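**Student:** Just passing along the structure, written as structure tokens.
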Amino acid sequence: MQVSVESVGALERRMTFQLPAERLETGVGGRLREIARTARIKGFRPGKVPAKVIEQRYGEQVRAEVLDRLLREGFDEAVRENALRLAGAPRIEPSQGDDDLAYVATFEVVPDFGEIDVSKLTVVRHTAEVTDEDIDRMIENLRLQRRTWSAVTRPAQEGDALDIETWSQIGDERLPAEGAEKGTPVLGSGSMLPALEAALVGMQADEEKTVEVEFPANWRVPQLAGKQAQVHIKVERVSEPVLPEVDAAFIKSFGVKSGEPEQFRSEIRTNLERELKGALMNRLRREVGEQLVATWSSVELPPRLVENEAKAMTQQAVEQSRRQGRKVELPADAHQQFMEPARKRVLVGLLVGEIARAHKLQLDPKRLNETLRLIASTYEEPDQVIELYRNDPQLMSGLQNRVMEEQVIDWIAERAQHTEKQLSFQEAIAP
């Protein structure tokens, strides 16, 4: 296969290559013969369909499939022969010449980091453990999730749920124009603006009050966003929480069939330890990442790879906003605000890859299986989740990349100058 590679920038390369015509024709012919053995076409017996009919029916599709495979194989072969280390996916297009099997691939390569000596990095490695107090706190949270409410006649206090009606006045405008908005906030939950929540403390059923409120600039109601308004509040009912007892029925409702408190606590501990393990790895990933960025910040990075990462981060932010019910319309250059974090993410990713390559670090199958089992254990049907990952190449590839990154992060932390810092469970899992 004829190949030529030229530099079109510090980290951008253009490769011209030509696929052998005989390989394409051989591949197409072989695939069509396979199809002919089993094809069912009206008017012909299976296996007796004429080659010309098979060619007319499937030729175009088969040619496209074989050409795509040969393109990938040919490009990968050329990359290996020229000892190129790609940064991101290539853009492959037909050449402008007369030969329809000539192609041009444009891509970026990994920058030269020189010798990556991680022994000079300084990393703080956080440690924590799950205590009985953490388990008690989680059980209280579970009780809160299953709480019921009982109406009271006393003034409202933190922890109470209030059935309320509200409407706002800005000058001559009333919002809503008619009636009122209804809600049932829980005092102390932070679900309302602080001024409104403070006004509700001490109110009783059938009591009314008007409060001056300054609304945030990003408030969900455009007429109120960034403005001061008079908010009229009416309390219809005050209810206090009633927490369930931690008895066998309560325990069984969380899937612990025995209903035994010790088994319940054991399963909670397992879940908390899994959460803690992930939180500590995130902290270590951030610690190592910050050190890598600070040390190799001067290295020039592939611009297209950074820009694509910024666009992906922008899309993630948009999707998150939409899931939260916020309508988002961004300008075409919105990704510019993510360029700096994208640059850091790309730098860390490339460094991690280079360290793995230079030291021949391999994916640990045991660690991969353990991570998969941990993910699956959070679902009601763990075996189905494991089967889903094993049958979905994209899901499995994402998991493999995650586990490999964690292995390299651990490898770096072990060889860097590091100190340990003890945290409580609550401190460790805090964002």
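**Student:** Return one whole number: the accessible area per residue of the stretch 327-371 in Å², for a 1.4 Å probe.
**Tutor:** On the way: 2870 Å² over 45 residues.
Normalised by residue count, the accessible surface of the stretch 327-371 is 64 Å².
**Student:** Pop the C-beta distance of GLU275 and ASP76 into the FRET formula with R0 = 56 Å and round what comes out to the nearest 0.05.
**Tutor:** Numbers: r = 40 Å, r/R0 = 0.72.
Efficiency at R0 = 56 Å is approximately 0.90.
**Student:** Just add up the charged neighbours of SER377: K/R +1, D/E -1, any other residue whose Cβ is under 15 Å from the Cβ of SER377. The partial results should precede the final answer.
**Tutor:** On the way: positive: ARG269, ARG274, LYS277, ARG373; negative: GLU267, GLU273, GLU275, GLU370, GLU380, GLU381, ASP383, GLU387.
Around SER377, the surrounding residues sum to -4.
**Student:** Sticking with this one: Would you mind giving the average projected area, over all directions, of the Cα convex hull of the chain in nm² with one decimal? Could the numbers behind the result be given before it?
**Tutor:** Working: hull surface 136.7 nm².
Result: 34.2 nm².
**Student:** Moving to a separate point now. Which whole-number value in Å³ per residue fits the convex hull of the alpha carbons of the stretch 139-255? Walk me through the intermediate numbers first.
**Tutor:** Details: hull volume 14.8 nm³, N = 117.
Here the figure is 126 Å³ per residue.
**Student:** Another question, if that's okay. Just to confirm the number: angle between the C-alpha axis of helix 261-295 and the first principal axis of the chain, 0 to 90 degrees, nearest 10?
**Tutor:** 60
**Student:** Oh, and also: Can you work out D for the stretch 365-431 in µm² s⁻¹ from Stokes-Einstein, where Rh is the Kirkwood radius over C-alpha pairs, the temperature is 25 °C and the viscosity is 0.890 mPa s? Intermediate results must be reported in sequence, preceding the final value.
**Tutor:** Working: Rh = 14.1 Å.
My calculation gives 174 µm²/s for D.
**Student:** Charges on Cβ only, +1 for Lys and Arg, -1 for Asp and Glu, centred on the Cα centroid of the chain; of GLN145, LEU374, ILE412, which one is farthest towards the dipole's positive end?
**Tutor:** So the residue we want is LEU374.
**Student:** Also: Kirkwood Rh and Cα-based Rg: tell me the resulting Rg over Rh for the stretch 281-406, rounded to two decimals. Walk me through the numbers on the way to the answer.
**Tutor:** Values: Rg = 17.4 Å, Rh = 17.1 Å.
Using only Cα positions, Rg/Rh for the stretch 281-406 is 1.02.
**Student:** To test your reading of the geometry: what angle, between 0 and 90 degrees and rounded to tens, separates the Cα axis of helix 393-415 from the longest principal axis of the chain?
**Tutor:** Roughly 80 degrees, rounded to the nearest 10.
**Student:** When the helices in the chain are scored as -39500 (n - 2.57) per DSSP H run of 4 or longer and the sum is shared across all residues, what 222 nm value do you end up with, to the nearest 500 deg cm²/dmol? Write down the numbers at each step before the final one.
**Tutor:** Working: 12 runs with 201 residues, N = 431.
It comes out at -15500 deg cm²/dmol, rounded to the nearest 500.
**Student:** While we're here: Set the Förster distance to 45 Å, then compute FRET efficiency between GLU212 and SER4 from the Cβ-Cβ distance, nearest 0.05. Spell out each step's value before the answer.
**Tutor:** Values: r = 73 Å, r/R0 = 1.63.
Computed FRET efficiency for GLU212 and SER4: 0.05.
**Student:** Roll a 1.4 angstrom probe over the protein heavy atoms and tell me the percent of accessible area of the chain that is carbon or sulfur. Write out the running numbers ahead of the final one.
**Tutor:** Numbers: 12410 of 26450 Å².
Answer for the chain is 47 percent, counting heavy atoms of protein chains only.
**Student:** Out of residues 5 or more away from VAL124 or on other chains, whose amide H comes under 5 Å of its own, with H placed 1.01 Å from N in the peptide plane?
**Tutor:** THR419
**Student:** Can you pull a Stokes-Einstein diffusion coefficient for the stretch 124-203 at 37 °C (0.692 mPa s), Rh from Kirkwood over Cα pairs, as a whole number of µm²/s? Can you show the working numbers first?
**Tutor:** On the way: Rh = 16.0 Å.
Diffusion coefficient, whole number: 205 µm²/s.
**Student:** Assuming R0 = 45 Å, what is the FRET efficiency of LEU144 and GLN336, from their Cβ-Cβ distance, to the nearest 0.05? Could you put the intermediate results ahead of the total?
**Tutor:** Details: r = 43 Å, r/R0 = 0.95.
Efficiency computed from Cβ-Cβ geometry: 0.55.
**Student:** Using only the alpha-carbon atoms, how far is helix 303-323 inclined from the longest principal axis of the chain? Give it as 0 to 90 degrees, nearest 10.
**Tutor:** 40
**Student:** So, one more: Sorted from largest to smallest, which semi-axis lengths in Å does the alpha carbon gyration tensor of the stretch 247-299 give for its equivalent ellipsoid, taking the root of 5 times each eigenvalue? Don't jump to the answer; show the numbers that get you there.
**Tutor:** Numbers: eigenvalues 374, 11, 6 Å².
Listed largest to smallest, the semi-axes of the stretch 247-299 are 43, 7, 5 Å.
**Student:** Just the projected area, averaged over all directions, of the convex hull on the alpha carbon atoms of the stretch 34-188: how many nm²? Walk me through the intermediate numbers first.
**Tutor:** Values: hull surface 121.1 nm².
Hull-based average projected area comes out at 30.3 nm².
**Student:** Please list, or write none, the aspartates and glutamates whose alpha carbon is within less than 15 Å of the alpha carbon of LYS252, excluding same-chain residues fewer than 8 places away.
**Tutor:** GLU260, GLU262, GLU267, GLU380
**Student:** Now a separate question. Using modelled amide H (1.01 Å from N, peptide plane; none on Pro or chain starts), what sits under 5 Å from the amide H of ILE233, excluding residues fewer than 5 places away?
**Tutor:** It is LYS209, THR210, VAL211, by chain and number.
**Student:** Starting from the Cα-Cα distance between GLU427 and GLN362, subtract it from 0.36 nm times their residue separation and give me the gain in nm to one decimal. Before the final figure, lay out each step's value.
**Tutor:** Details: separation 65, 0.36 × 65 = 23.40 nm, distance 3.28 nm.
Once the chain is fully extended between GLU427 and GLN362, it gains 20.1 nm.
**Student:** Under a straight-distance cross-link criterion of Cα-Cα below 29 Å, which lysines are reachable from LYS42, leaving out those fewer than 8 residues away in the same chain?
**Tutor:** Output for LYS42: LYS52.
**Student:** Before I look further, what does the stretch 11-152 give for accessible area per residue, probe 1.4 Å, in whole square angstrom?
**Tutor:** Ligands and nucleic acids excluded, the figure is 62 Å² per residue.
**Student:** In nm, what is the difference between 0.36 nm times the number of residues separating THR184 and ARG91 and their Cα-Cα distance?
**Tutor:** Working: separation 93, 0.36 × 93 = 33.48 nm, distance 5.43 nm.
Separation in residues times 0.36 nm, less the Cα-Cα distance, equals 28.0 nm.
The values are calculated or read from the model by the stated rules, or taken from the named source; none is laboratory data. This structure is a prediction, so every number in the text was calculated from the model and none was measured. Backbone-built Cβ (ideal geometry, glycine too); neighbour counts: all protein chains shown. The protein model used for the area step is the full one, side chains on, heavy atoms only, and it has no ligands, DNA or RNA in it. Shrake-Rupley method; radii C 1.70, N 1.55, O 1.52, S 1.80 Å.
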